[in-house]
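Encoded as structure tokens, the structure appears first; notes follow it.
Laboratory data are not the source of any read-out in this text; all were calculated from the coordinates shown. Bear in mind the structure is a predicted one, so any value in this text is a computation, not a measurement. Because the Cβ atoms are built from the backbone with ideal geometry, glycine has one as well, and the counts that use them run over all protein chains shown.
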Amino acid sequence: MDLYAILGLKISAISMGEITIRTAALTDLEVLLAFEQELIKAERPFDKTIREAPVCYYDLKGMILDNEVAVIVAEINNTIVSCGTAVVKRARSYLDHKEYVNFGFMYTLPEYRGMRINKMILDSLRTWALSKGYKEMRLTVYSDNIPAIKAYEKAGFVSHIIEMRIPEDQSGNR
């Protein structure tokens, strides 16, 4: 089903209202699953190794039900327009922290980008992480996704590490 049909939106009839940031509920699952597919579609040009559909990145129902995971949504006029998650992960053994919070599933409907909604989601996730006692917070982003990188930098993130790979067509003798 079309994302806008799920949301009950007509692209030409989007009106702005107050932005509400809240914890996701199971009743949001259909919209979040649609957002996940839009995120996968948006990331495909950056990563040729993503399998063909059907693909799921997350167990969204499990994440919503898990008290150790934050799933946050932004609403305008009772319509979800953005989301993000925070998941506690085990750090590599040589780091100065045992665990950290990984932010992910950052998605905003295209017509709501540039309104700092992503920053509001990140601030909410950061508040959640700090309330749980975590000071180390990270996220991953494709190096060619310049708009996302700029948004994360505006939210206070700095580039930390680059993951590299040898494409299969250039690998020769592996």
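Things to note:
- The H on the amide N of L139, modeled in the peptide plane, is under 5 Å from the matching H of F103, each at least 5 residues off or on a different chain.
- For the pair K89 and V55, the difference between a 0.36 nm per residue extended length and the Cα-Cα distance amounts to 10.0 nm.
- In summary, the lysines within cross-link reach of K154, defined as a Cα separation below 26 angstrom excluding same-chain residues under 8 places away, comprise K41, K89, K119, K132, K135.
- Restricting the chymotrypsin sites (Phe, Trp or Tyr not before Pro) of the range 28-106 to loop positions (DSSP other than H, G, I, E, B) with no more than 16 neighbouring Cβ atoms within 10 Å leaves Y57, Y94.
- Shape of the chain from the C-alpha gyration tensor: oblate (a/c of 1.5 or more and a/b not above b/c, with a ≥ b ≥ c the square roots of its eigenvalues).
- Long-range amide H partners of N77 with built H, under 5 Å: G17, E18
- Long-range HN-HN contacts of E99 with modeled amide H, under 5 Å: A91
- Label-reachable residues, the range 87-113, where backbone N falls under 11 Å from a point 7 Å from K135's Cα toward its Cβ: 97
- Considering only alpha-carbon pairs that sit under 8 angstrom and 6 or more positions apart, the relative contact order computed for the range 3-165 is 19 percent.
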